[in-house]
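Some notes on the structure that comes next.
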Protein chains: 2
Amino acid sequence: MSVLKIIKIGGNIIDNDDALNIFLVAFSKLKGPKLLVHGGGKLATKLANQMGIEVKMTNGRRITDADTLDIITMVYAGKINKNIVAKLQALNCNSVGFSGADGNSIVSIKRPVKNVDFGFVGDVNKVNTKTMAVLLENKVTPVFCAITHDENGQLFNTNADTIASELAIGFANQFKTELFYCFEKNGVLQDMNNDNSIIENINTKTYQSLINEGVIADGMLPKLNNCFHAIDNQVSKVCIGKPEMLFNKNSIFTTIKK
Amino acid sequence: MSVLKIIKIGGNIIDNDDALNIFLVAFSKLKGPKLLVHGGGKLATKLANQMGIEVKMTNGRRITDADTLDIITMVYAGKINKNIVAKLQALNCNSVGFSGADGNSIVSIKRPVKNVDFGFVGDVNKVNTKTMAVLLENKVTPVFCAITHDENGQLFNTNADTIASELAIGFANQFKTELFYCFEKNGVLQDMNNDNSIIENINTKTYQSLINEGVIADGMLPKLNNCFHAIDNQVSKVCIGKPEMLFNKNSIFTTIKK
C-alpha cells in the first residue's frame, strides 16, 4: 500500500501571502500522492463586512445563514481555492480544486438543531473517494475547500479539520494515510505561551489527563477530537505542528497515538 | 470516435433559477461524454455593487482590475460553479468544477495592451485536455467557469464563449466534438425582434453577407467568430439556440457550417 499524505492548512497560513507561498513550495516538493485541505481564514469575515452582512455568532461559533453560505462558497471555493491551484500549477504540481460536491466526494447532513440552529452547516455522512482516486492515480493533487453537499443540491459549510480527518479515513482502505494538521504553533503545547513546550506524543490516556489539567481546551479540543477520530479509524499517522514538520527531519511536533 | 458534447450556457440561463434548473435536468439526461461551460451573468456586477467596487467599462467592455478579478473568481468559480455542480449531483450527473487552472486545462496570456489595457483578461494560448479526459473516461462531467491562468500563478478572466470553442477544438483529436451555444434566443435571427426569424444555416459566405447587411452585429459578432473558429478547426458541429435544441428534435436553431 502506498502512502497518501493529507495536509490541512489553517487560516494563519492562508491569511499570510509569504507563509502560504513558503508552504506551497514545500508541499509541491512532497513525493507521492498527496491531498491539500484548506480552511478560509479571515477573508470570509472581511468580505461579509465589505458587503455589510452581519456575521452571526453563538458562543463563538459562526451561524451559517444563506448569505454567509454564499460568502463562504465564494471565498473558500472561489478566491482561495483557485489561487492555491494556480500557484501549485506554477510550481509544477498538477492540481484540481474540490468541494464535497465535486465528484460527490463528501456528503453531509445538516447539523441537527438542538439548542442552536447552526444553519447551513453539514456534518459529514459519507466520503466517496472514487473521483479523487482517479486523479491521484494520474498524479493530480486534489485541493479541498471546507464545503460539502447533501446530494440534493444544497451546499454546506463544514469544518476543514473534520474534512481532513474524514478524507484520511475514507482513503484508508486504498492507501496508508497520513494526516498532518499544519498551523502557526509547533504542536500541542504544555504552556500555550511557550512555543518550545511541545508535547511530542499524545495518546488516548494522556489526552484525558491533558483535558483534565486544562492544558487542552477551547479550539484545540475539536482539533484533537478529529485527530483521535482519525487514528481510531485506520489512519496510520496523525501529526500537528508547523509546516516544517513535512520537510525538516529535525523539527519537533506533536504525534497522536492510540 | 465517440461524440463529446460541449454546451455553453449564458447569463440569461444562469441568472434565472427556473431556467437554470430546467436546463440542468435536460443536460443531466444527455447521453455520452459531455462538458458544461458557464459564464457569470449579472451576479458579478451585483456583488461589485454590494462591495462598493466600481465596475470599469471601456466601449461596453469590462476592465478586469485586481478587485474585479477577485469578484469574478469568487462568483464564477465559487458561487455559480459549486451550485451548478451540487445541482448536477442531485440529478445523478457526477461532475467536477473546473477553471483553466484546475488540471492546468487552459493556459492563457494577458491580453496585449493596444489602445486599452483590459487588465487581468487572458487570451487562450493552450488547452491541456489530459486531466479532463481522465474524468470523462470515468463518466465524470467537467463544469467549466470562465477563468484561465498563465502557469505562473496568475488567474485571468476569459470569455466563456471562447473557452467553449477552445475546449471543443482541444478535444477534437480525441472525440468528435459538438459545440452548442445556449442562450435566450432561438438562434441567429434575421430580425432581432422576431424570435421566429431564425437563420437555420450560416456558412462563411453567408456570414459575410449578414455582417454587411448589419443583421449580425454587436455581441453576436464575437460569438459567431468563436463558432467559425471552432468549425474551421476540426469541431464537427456548432449550433446556437435555446437549450431545447439539445433534446427537442423538432426545435429550430442555427447551425454553423464551413
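Quick note: the coordinates plus some simple rules give every number you see, no bench work behind them. Please read these numbers as outputs of a predicted model, since none were measured by experiment. Cβ placement follows ideal geometry from the backbone for every residue including glycine, while neighbour counts extend to all protein chains displayed.
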**OP:** Could you tally the net charge around A:Lys56, taking each other residue with its Cβ under 9 Å from the Cβ of A:Lys56, Lys/Arg +1 and Asp/Glu -1?
**Re:** -1
Original post:
Which one of A:Lys31, A:Lys79, A:Lys223 has the biggest mean-square fluctuation once chain A is modelled by GNM with Cα springs under 10 Å?
Top reply: A:Lys31
Original post:
If you bin every alpha carbon distance in segment A:202-258 into 5 Å steps from zero, what whole percent lands in each bin?
Top reply: 4, 18, 27, 24, 17, 9, 1
**OP:** Go through segment B:90-132 and name the trypsin sites (Lys or Arg not before Pro) that are in a DSSP coil and have 15 or fewer other Cβ atoms within 10 Å of their Cβ.
**Re:** B:Lys114
Subject >> Scattering curve values for segment A:1-113, log₁₀ I(q)/I(0), Debye with Cα scatterers, q = 0.13 Å⁻¹ >> reply: -0.59
Original post:
Using the eigenvalues of the Cα gyration tensor, what equivalent ellipsoid semi-axes result for the protein assembly as shown when each is taken as the square root of five times the eigenvalue, whole Å, largest first?
Top reply: 44, 22, 21
Original post:
So how far apart, in nm, are the two label points at B:Asp17 and A:Val25 if each is 7 Å from Cα heading toward Cβ?
Top reply: 4.8 nm
**OP:** For segment A:171-258, run through the chymotrypsin sites (Phe, Trp or Tyr not before Pro) and keep only the ones in DSSP coil with at most 10 other Cβ atoms within 10 Å of their Cβ.
**Re:** none
**OP:** Name the nearest-to-axis residue of chain B, judged by Cβ distance to the rotation axis taking chain B onto chain A, and quote that distance in whole Å.
**Re:** B:Gly78, 1
**OP:** For B:Lys42 and B:Ile63, calculate 0.36 nm times their separation in residues minus their Cα-Cα distance, and state this gained length in nm to one decimal.
**Re:** 6.0 nm
**OP:** Provide, for q = 0.15, 0.16, 0.23 Å⁻¹, the log10 of I(q)/I(0) from a solvent-free Debye sum over equal Cα point scatterers in segment A:110-172.
**Re:** -0.52, -0.58, -1.04
Original post:
What is the Rg over Rh value, at two decimals, for segment A:112-258, using alpha-carbon atoms and the Kirkwood definition of Rh?
Top reply: 0.99
Original post:
For segment B:3-256, what mean projected area does the convex hull of the alpha carbons give, in nm²?
Top reply: 13.5 nm²
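Using 1/(1 + (r/R0)^6) with R0 = 22 angstrom and r between the beta carbons of B:Glu200 and B:Gln234, what's the FRET efficiency to the nearest 0.05?
Rounded to the nearest 0.05, the efficiency is 0.45.
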**OP:** May I ask you to evaluate 6.51 cos²θ - 1.76 cosθ + 1.60, the Karplus curve with θ = phi - 60°, for each residue of segment A:190-195 and list the ³J(HN,Hα) values in order in whole Hz, giving x for glycine and proline?
**Re:** 5, 10, 5, 8, 10, 6
Subject >> Dimensionless Rg ratio for segment A:65-105, taking C-alpha atoms and the 2.2 N^0.38 Å reference >> reply: 1.32
Original post:
To one decimal in nm, how far is A:Leu221 from the same spot in the other copies, if labels go 7 Å from Cα toward Cβ? Please give the shortest first.
Top reply: 6.6
Original post:
With Cβ to Cβ distances under 10 Å as the rule, what net charge do the other residues near B:Lys110 carry (K, R +1; D, E -1)?
Top reply: -2
Original post:
So how many Å³ per residue does the convex hull of the Cα atoms of segment A:51-160 work out to?
Top reply: 99 Å³
Original post:
Can you list residues whose amide H is under 5 Å from A:Ala101's amide H, if they're 5+ apart or on another chain and H is modeled 1.01 Å from N?
Top reply: A:Ile106, A:His149
